[in-house]
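The values are calculated or read from the model by the stated rules, or taken from the named source; none is laboratory data. Every value quoted in this text rests on a predicted model; they were computed, and no experiment measured them. Cβ: placed from backbone, ideal geometry, glycine included. Neighbour counts: every protein chain shown. The area values use the complete protein model at the heavy-atom level, side chains included, leaving out ligands, DNA and RNA. Shrake-Rupley method; radii C 1.70, N 1.55, O 1.52, S 1.80 Å.
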Amino acid sequence: MKESKIPLAGVIGCPIAHSKSPQIHGHWLKTLGLKGHYVPLHVKPEDLSDALRTMPKLGYVGANVTIPHKEQALEIADVVSDHAAKIGAANTLVFGGDGKIHADNTDGYGFVQNLRQSAPKWNPSAGPALVLGAGGAARAIIVALLDAGVPEILLSNRTAERAETLCQEFGPRLKSVAWDTADTTVSDAATLVNTTALGMTGKAPLTLSLKGLQTSTLVTDIVYAPLKTELLAKAEEAGCITVDGLGMLLHQAVPGFERWFGTRPAVDEATRQAALA
Ligand code: NAP
(Lines give C-alpha, C1' and ligand atoms only; values in the text may rest on other atoms or scores of the structure.)
Protein backbone atom coordinates (compact mmCIF):
# COMPACT_ATOMS: atom_id res chain seq x y z
CA MET A 1 0.00 0.00 0.00
CA LYS A 2 1.35 3.43 -0.94
CA GLU A 3 1.76 5.70 2.06
CA SER A 4 0.24 9.17 1.52
CA LYS A 5 2.71 11.85 2.48
CA ILE A 6 1.77 14.62 4.88
CA PRO A 7 3.49 17.82 3.70
CA LEU A 8 5.82 19.49 6.16
CA ALA A 9 6.97 23.12 6.15
CA GLY A 10 8.62 25.32 8.74
CA VAL A 11 10.36 28.53 9.60
CA ILE A 12 14.14 28.50 9.98
CA GLY A 13 15.82 31.08 12.18
CA CYS A 14 18.36 31.59 14.95
CA PRO A 15 16.77 32.32 17.41
CA ILE A 16 13.31 31.11 16.39
CA ALA A 17 11.17 30.78 19.54
CA HIS A 18 9.70 34.30 19.05
CA SER A 19 8.36 33.56 15.56
CA LYS A 20 4.62 33.91 15.04
CA SER A 21 4.70 32.00 11.73
CA PRO A 22 3.85 28.59 13.30
CA GLN A 23 0.68 30.11 14.82
CA ILE A 24 -0.32 31.69 11.49
CA HIS A 25 0.25 28.59 9.32
CA GLY A 26 -1.14 26.29 12.04
CA HIS A 27 -4.33 28.37 12.12
CA TRP A 28 -4.75 28.12 8.33
CA LEU A 29 -4.05 24.36 8.26
CA LYS A 30 -6.64 23.81 10.97
CA THR A 31 -9.39 26.10 9.66
CA LEU A 32 -8.97 24.93 6.06
CA GLY A 33 -8.95 21.27 7.19
CA LEU A 34 -5.70 20.53 5.36
CA LYS A 35 -3.17 17.82 6.08
CA GLY A 36 0.21 19.25 6.95
CA HIS A 37 2.47 20.53 9.69
CA TYR A 38 4.43 23.79 10.05
CA VAL A 39 7.19 23.85 12.64
CA PRO A 40 9.80 26.26 14.05
CA LEU A 41 13.36 25.12 13.27
CA HIS A 42 16.36 26.50 15.14
CA VAL A 43 19.31 26.27 12.73
CA LYS A 44 22.72 27.91 13.17
CA PRO A 45 24.13 29.82 10.16
CA GLU A 46 26.94 27.27 9.67
CA ASP A 47 24.35 24.47 9.44
CA LEU A 48 21.91 26.18 7.06
CA SER A 49 23.16 24.60 3.84
CA ASP A 50 23.12 21.05 5.27
CA ALA A 51 19.69 21.62 6.79
CA LEU A 52 18.19 22.90 3.53
CA ARG A 53 19.64 20.00 1.50
CA THR A 54 18.34 17.45 4.04
CA MET A 55 14.84 18.83 4.58
CA PRO A 56 13.31 17.60 1.27
CA LYS A 57 14.46 14.06 2.14
CA LEU A 58 12.54 14.34 5.43
CA GLY A 59 9.28 15.29 3.74
CA TYR A 60 9.56 19.07 3.77
CA VAL A 61 7.99 20.83 0.80
CA GLY A 62 9.41 24.22 1.68
CA ALA A 63 10.26 26.72 4.39
CA ASN A 64 10.32 30.31 5.44
CA VAL A 65 13.69 31.72 6.41
CA THR A 66 14.14 34.56 8.84
CA ILE A 67 16.93 36.44 10.64
CA PRO A 68 19.87 35.82 10.17
CA HIS A 69 19.44 33.48 7.17
CA LYS A 70 17.70 35.57 4.50
CA GLU A 71 20.81 36.47 2.48
CA GLN A 72 22.55 33.10 2.89
CA ALA A 73 19.40 31.23 1.79
CA LEU A 74 19.51 33.16 -1.47
CA GLU A 75 23.09 32.03 -2.09
CA ILE A 76 22.27 28.40 -1.34
CA ALA A 77 19.14 28.27 -3.54
CA ASP A 78 19.37 26.71 -7.00
CA VAL A 79 16.67 28.87 -8.59
CA VAL A 80 16.13 32.46 -7.50
CA SER A 81 13.16 34.64 -8.52
CA ASP A 82 14.02 37.98 -10.16
CA HIS A 83 12.25 39.69 -7.28
CA ALA A 84 14.35 37.97 -4.57
CA ALA A 85 17.52 38.66 -6.57
CA LYS A 86 16.64 42.37 -6.75
CA ILE A 87 16.08 42.52 -2.98
CA GLY A 88 19.15 40.38 -2.24
CA ALA A 89 17.37 38.16 0.27
CA ALA A 90 14.91 35.26 0.39
CA ASN A 91 12.14 34.56 2.88
CA THR A 92 10.22 31.77 1.13
CA LEU A 93 11.73 28.53 -0.19
CA VAL A 94 10.05 25.79 -2.18
CA PHE A 95 11.68 22.37 -2.45
CA GLY A 96 10.66 21.44 -5.99
CA GLY A 97 9.93 18.02 -7.41
CA ASP A 98 13.01 18.72 -9.60
CA GLY A 99 15.19 18.38 -6.46
CA LYS A 100 16.01 22.09 -6.58
CA ILE A 101 15.60 24.77 -3.92
CA HIS A 102 13.55 27.66 -5.32
CA ALA A 103 13.87 31.01 -3.49
CA ASP A 104 11.50 33.96 -3.45
CA ASN A 105 10.91 37.02 -1.29
CA THR A 106 7.34 37.88 -0.28
CA ASP A 107 8.04 40.64 2.30
CA GLY A 108 7.31 43.47 -0.15
CA TYR A 109 4.19 41.70 -1.39
CA GLY A 110 3.05 41.37 2.24
CA PHE A 111 3.75 45.04 2.89
CA VAL A 112 1.71 46.30 -0.09
CA GLN A 113 -1.14 43.78 0.36
CA ASN A 114 -1.47 44.92 3.98
CA LEU A 115 -1.87 48.54 2.87
CA ARG A 116 -4.30 47.61 0.09
CA GLN A 117 -6.45 45.54 2.48
CA SER A 118 -6.32 47.89 5.48
CA ALA A 119 -6.41 51.21 3.62
CA PRO A 120 -8.19 50.55 0.30
CA LYS A 121 -8.09 54.25 -0.59
CA TRP A 122 -4.29 54.36 -0.37
CA ASN A 123 -2.93 55.72 -3.63
CA PRO A 124 0.81 55.01 -3.99
CA SER A 125 1.15 57.48 -6.84
CA ALA A 126 -0.35 60.37 -4.80
CA GLY A 127 3.12 61.65 -3.84
CA PRO A 128 6.50 60.83 -2.30
CA ALA A 129 6.98 58.14 0.32
CA LEU A 130 9.19 58.87 3.32
CA VAL A 131 10.88 55.60 4.32
CA LEU A 132 12.75 55.47 7.63
CA GLY A 133 15.44 52.78 7.76
CA ALA A 134 17.67 51.04 5.22
CA GLY A 135 17.94 47.50 6.60
CA GLY A 136 16.73 44.20 5.15
CA ALA A 137 13.03 44.97 5.46
CA ALA A 138 13.52 48.40 3.87
CA ARG A 139 15.04 46.82 0.74
CA ALA A 140 11.93 44.71 0.16
CA ILE A 141 9.61 47.65 0.91
CA ILE A 142 11.48 50.01 -1.41
CA VAL A 143 11.18 47.55 -4.32
CA ALA A 144 7.48 47.07 -3.54
CA LEU A 145 6.78 50.82 -3.34
CA LEU A 146 8.59 51.46 -6.63
CA ASP A 147 6.63 48.63 -8.29
CA ALA A 148 3.38 50.05 -6.85
CA GLY A 149 4.06 53.38 -8.59
CA VAL A 150 5.34 55.68 -5.83
CA PRO A 151 6.87 58.64 -7.74
CA GLU A 152 9.71 59.32 -5.27
CA ILE A 153 11.15 57.73 -2.14
CA LEU A 154 12.78 59.93 0.49
CA LEU A 155 15.01 57.51 2.36
CA SER A 156 16.39 58.31 5.78
CA ASN A 157 18.63 56.09 7.88
CA ARG A 158 20.75 56.61 10.97
CA THR A 159 23.77 55.29 9.05
CA ALA A 160 23.65 57.56 6.02
CA GLU A 161 25.95 55.40 3.86
CA ARG A 162 23.45 52.55 3.95
CA ALA A 163 20.71 54.82 2.60
CA GLU A 164 23.04 56.21 -0.06
CA THR A 165 23.99 52.70 -1.19
CA LEU A 166 20.30 51.88 -1.67
CA CYS A 167 19.79 55.13 -3.62
CA GLN A 168 22.58 54.13 -6.00
CA GLU A 169 21.24 50.60 -6.30
CA PHE A 170 17.56 51.38 -6.83
CA GLY A 171 17.91 54.46 -9.02
CA PRO A 172 16.83 58.05 -9.48
CA ARG A 173 13.41 57.80 -7.80
CA LEU A 174 15.25 57.46 -4.47
CA LYS A 175 16.71 60.40 -2.57
CA SER A 176 18.68 60.13 0.65
CA VAL A 177 17.64 62.45 3.51
CA ALA A 178 19.86 63.07 6.57
CA TRP A 179 18.54 61.22 9.64
CA ASP A 180 18.51 64.31 11.86
CA THR A 181 16.52 66.34 9.32
CA ALA A 182 14.01 63.64 8.33
CA ASP A 183 11.19 65.50 10.10
CA THR A 184 11.54 68.41 7.66
CA THR A 185 10.31 66.10 4.87
CA VAL A 186 7.28 64.75 6.77
CA SER A 187 5.00 67.39 5.21
CA ASP A 188 5.98 66.23 1.68
CA ALA A 189 5.10 62.59 2.30
CA ALA A 190 1.93 60.99 0.93
CA THR A 191 3.07 57.71 2.50
CA LEU A 192 5.21 57.45 5.65
CA VAL A 193 6.79 54.13 6.61
CA ASN A 194 8.90 53.16 9.62
CA THR A 195 11.07 50.16 8.75
CA THR A 196 13.53 50.66 11.62
CA ALA A 197 13.40 48.67 14.84
CA LEU A 198 12.71 51.90 16.76
CA GLY A 199 9.47 51.90 18.73
CA MET A 200 9.54 48.15 19.22
CA THR A 201 9.00 46.87 22.78
CA GLY A 202 12.40 46.98 24.51
CA LYS A 203 13.98 49.30 21.89
CA ALA A 204 14.45 53.06 21.90
CA PRO A 205 11.48 55.17 20.80
CA LEU A 206 11.25 56.73 17.35
CA THR A 207 11.58 60.45 17.99
CA LEU A 208 10.32 61.87 14.71
CA SER A 209 8.35 65.10 14.86
CA LEU A 210 5.13 64.81 12.87
CA LYS A 211 4.71 68.59 12.66
CA GLY A 212 3.34 69.48 9.24
CA LEU A 213 2.04 65.96 8.57
CA GLN A 214 -0.92 66.11 6.19
CA THR A 215 -4.12 64.31 7.21
CA SER A 216 -4.11 62.64 3.77
CA THR A 217 -0.79 60.90 4.55
CA LEU A 218 -0.96 57.14 5.04
CA VAL A 219 1.26 56.22 8.00
CA THR A 220 2.42 52.67 8.58
CA ASP A 221 4.90 50.99 10.90
CA ILE A 222 6.28 47.53 10.24
CA VAL A 223 7.02 47.08 13.95
CA TYR A 224 4.07 45.09 15.33
CA ALA A 225 5.03 44.72 19.01
CA PRO A 226 3.34 46.83 20.26
CA LEU A 227 0.59 46.80 17.65
CA LYS A 228 -0.05 50.52 18.06
CA THR A 229 3.40 52.08 18.11
CA GLU A 230 3.95 55.63 19.27
CA LEU A 231 4.32 56.68 15.62
CA LEU A 232 0.90 55.23 14.76
CA ALA A 233 -0.72 56.73 17.88
CA LYS A 234 0.65 60.19 17.05
CA ALA A 235 -0.38 59.91 13.39
CA GLU A 236 -3.87 58.78 14.39
CA GLU A 237 -4.15 61.78 16.70
CA ALA A 238 -3.13 63.99 13.77
CA GLY A 239 -6.07 62.58 11.78
CA CYS A 240 -4.16 60.26 9.43
CA ILE A 241 -5.11 56.78 8.32
CA THR A 242 -2.71 54.35 9.98
CA VAL A 243 -1.88 50.70 9.30
CA ASP A 244 -0.08 48.45 11.79
CA GLY A 245 2.68 45.98 10.90
CA LEU A 246 0.99 42.71 11.82
CA GLY A 247 -0.83 42.54 8.48
CA MET A 248 2.50 42.57 6.61
CA LEU A 249 3.58 39.48 8.52
CA LEU A 250 0.27 37.74 7.74
CA HIS A 251 0.19 38.63 4.04
CA GLN A 252 3.83 37.67 3.40
CA ALA A 253 2.93 34.17 4.62
CA VAL A 254 0.17 33.65 2.01
CA PRO A 255 2.20 32.77 -1.13
CA GLY A 256 4.32 30.17 0.71
CA PHE A 257 1.30 28.50 2.30
CA GLU A 258 -0.41 28.28 -1.09
CA ARG A 259 2.67 26.74 -2.74
CA TRP A 260 3.24 24.17 0.02
CA PHE A 261 -0.29 23.16 0.98
CA GLY A 262 -2.21 23.86 -2.25
CA THR A 263 -4.84 26.31 -1.00
CA ARG A 264 -4.68 30.10 -0.85
CA PRO A 265 -5.59 31.21 2.69
CA ALA A 266 -7.46 34.38 3.60
CA VAL A 267 -6.02 37.03 5.89
CA ASP A 268 -8.87 37.97 8.19
CA GLU A 269 -9.54 38.95 11.81
CA ALA A 270 -9.31 35.31 12.93
CA THR A 271 -5.80 35.10 11.40
CA ARG A 272 -4.78 38.24 13.28
CA GLN A 273 -6.11 36.80 16.54
CA ALA A 274 -4.26 33.51 15.92
CA ALA A 275 -0.99 35.39 15.45
CA LEU A 276 -1.58 37.39 18.62
CA ALA A 277 -2.58 34.39 20.75
P1 NAP B 1 17.83 45.29 10.07
O2 NAP B 1 18.22 44.83 8.71
O3 NAP B 1 18.68 44.93 11.24
O4 NAP B 1 17.70 46.92 10.00
C5 NAP B 1 17.44 47.65 11.17
C6 NAP B 1 17.12 49.11 10.80
O7 NAP B 1 16.77 49.80 12.01
C8 NAP B 1 18.30 49.85 10.18
O9 NAP B 1 17.83 50.83 9.30
C10 NAP B 1 18.93 50.50 11.43
O11 NAP B 1 19.69 51.64 11.14
C12 NAP B 1 17.68 50.89 12.19
N13 NAP B 1 17.95 51.07 13.61
C14 NAP B 1 18.16 50.12 14.55
N15 NAP B 1 18.39 50.67 15.76
C16 NAP B 1 18.36 52.02 15.56
C17 NAP B 1 18.53 53.14 16.42
N18 NAP B 1 18.81 53.00 17.73
N19 NAP B 1 18.41 54.38 15.89
C20 NAP B 1 18.14 54.54 14.57
N21 NAP B 1 17.96 53.53 13.69
C22 NAP B 1 18.08 52.28 14.20
O23 NAP B 1 16.36 44.79 10.46
P24 NAP B 1 15.11 44.52 9.49
O25 NAP B 1 15.07 43.09 9.15
O26 NAP B 1 15.13 45.55 8.41
O27 NAP B 1 13.88 44.78 10.51
C28 NAP B 1 13.60 46.06 11.01
C29 NAP B 1 12.34 46.01 11.89
O30 NAP B 1 11.23 45.59 11.11
C31 NAP B 1 12.41 45.01 13.05
O32 NAP B 1 11.78 45.60 14.17
C33 NAP B 1 11.62 43.82 12.57
O34 NAP B 1 11.02 43.10 13.63
C35 NAP B 1 10.56 44.49 11.72
N36 NAP B 1 10.04 43.64 10.63
C37 NAP B 1 8.69 43.48 10.53
C38 NAP B 1 8.17 42.70 9.51
C39 NAP B 1 6.69 42.51 9.39
O40 NAP B 1 6.27 41.55 8.72
N41 NAP B 1 5.88 43.37 9.98
C42 NAP B 1 9.04 42.09 8.57
C43 NAP B 1 10.41 42.30 8.69
C44 NAP B 1 10.90 43.08 9.73
P45 NAP B 1 21.30 51.52 10.90
O46 NAP B 1 21.47 51.10 9.47
O47 NAP B 1 21.80 52.87 11.19
O48 NAP B 1 21.81 50.49 11.88
- Does Ser81 satisfy the condition of being more than 15 Å from the chain's Cα centre (by Cα), open to solvent by 10 Å² or more (accessible area, probe 1.4 Å) and closer than 22 Å to Glu169 by Cβ? yes
- Of (1) within 10 Å of the ligand (Cβ to nearest atom); (2) of a type in the set (Ser, Thr, Tyr); (3) within 22 Å of the chain's Cα centre (by Cα), Thr207 satisfies every one except (3)
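Tally up the residues in the stretch 137-159 that are closer than 16 Å to Leu198 by Cβ and either open to solvent by 10 Å² or more (accessible area, probe 1.4 Å) or away from the ligand (no atom under 11 Å from the Cβ) (or both), please.
Of all residues in the stretch 137-159, those closer than 16 Å to Leu198 by Cβ come to 137-138, 141, 155-159.
Filter again for either open to solvent by 10 Å² or more (accessible area, probe 1.4 Å) or away from the ligand (no atom under 11 Å from the Cβ) (or both), leaving 137, 157-159.
So the count comes out to 4.
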- Task: Residues being within 14 Å of the ligand (Cβ to nearest atom), among the hydroxyl-bearing types (Ser, Thr, Tyr) and buried (at least 17 other Cβ atoms within 10 Å of the Cβ): count how many of those fall in the stretch 160-197.
- Result: 3
- Query: Do we find that Ala103 is buried (at least 22 other Cβ atoms within 10 Å of the Cβ) and either away from the ligand (no atom under 14 Å from the Cβ) or free of Cβ contacts under 8 Å to residues at least 24 places away in the same chain (or both) in this structure?
  - Reply: yes
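For Thr92, indicate whether it is among the polar types (S, T, N, Q), touching a residue at least 24 places away in the same chain (Cβ under 8 Å) and surrounded by fewer than 22 Cβ atoms within 10 Å (Cβ to Cβ). Let's see the steps before the verdict.
Working: among the polar types (S, T, N, Q): yes; touching a residue at least 24 places away in the same chain (Cβ under 8 Å): yes; surrounded by fewer than 22 Cβ atoms within 10 Å (Cβ to Cβ): no.
It is false that Thr92 is among the polar types (S, T, N, Q), touching a residue at least 24 places away in the same chain (Cβ under 8 Å) and surrounded by fewer than 22 Cβ atoms within 10 Å (Cβ to Cβ).
Residue by residue, here is whether (1) within 14 Å of Ile101 (Cβ to Cβ); (2) assigned to a loop (DSSP other than H, G, I, E, B); (3) of a type outside the set (Val, Ile, Thr); (4) open to solvent by 70 Å² or more (accessible area, probe 1.4 Å) holds:
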{"residue": "Ala17", "(1), (2), (3), (4)": "no, yes, yes, yes"}
{"residue": "Trp28", "(1), (2), (3), (4)": "no, no, yes, no"}
{"residue": "Lys35", "(1), (2), (3), (4)": "no, yes, yes, yes"}
{"residue": "Ala51", "(1), (2), (3), (4)": "yes, no, yes, no"}
{"residue": "Gly62", "(1), (2), (3), (4)": "yes, no, yes, no"}
{"residue": "Ile67", "(1), (2), (3), (4)": "no, yes, no, yes"}
{"residue": "Gln72", "(1), (2), (3), (4)": "yes, no, yes, no"}
{"residue": "Glu75", "(1), (2), (3), (4)": "yes, no, yes, yes"}
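When you look at Ile6, is it under 28 Å from Phe170 (Cα atoms), part of a loop (DSSP other than H, G, I, E, B), open to solvent by 70 Å² or more (accessible area, probe 1.4 Å) and aliphatic (A, V, I, L, M), yes or no? First the steps, then the outcome.
On the way: under 28 Å from Phe170 (Cα atoms): no; part of a loop (DSSP other than H, G, I, E, B): yes; open to solvent by 70 Å² or more (accessible area, probe 1.4 Å): yes; aliphatic (A, V, I, L, M): yes.
It is false that Ile6 is under 28 Å from Phe170 (Cα atoms), part of a loop (DSSP other than H, G, I, E, B), open to solvent by 70 Å² or more (accessible area, probe 1.4 Å) and aliphatic (A, V, I, L, M).
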- Note on the structure: Flagged in the stretch 254-269 as touching a Lys or Arg at 6+ places or on another chain (Cβ under 9 Å) and either among the aliphatic types (A, V, I, L, M) or buried (at least 23 other Cβ atoms within 10 Å of the Cβ) (or both), in numbering order, are Val254, Phe257
- Check on Leu249, within 16 Å of the ligand (Cβ to nearest atom), more than 19 Å from Gly26 (Cβ to Cβ) and either touching a helix residue (DSSP H, G or I) at 6+ places or on another chain (Cβ under 7 Å) or at pLDDT 95 or above (or both): no
- Item | Leu93 vs. criteria in a strand (DSSP E or B) and either at pLDDT 95 or above or within 27 Å of Leu166 (Cβ to Cβ) (or both) | yes
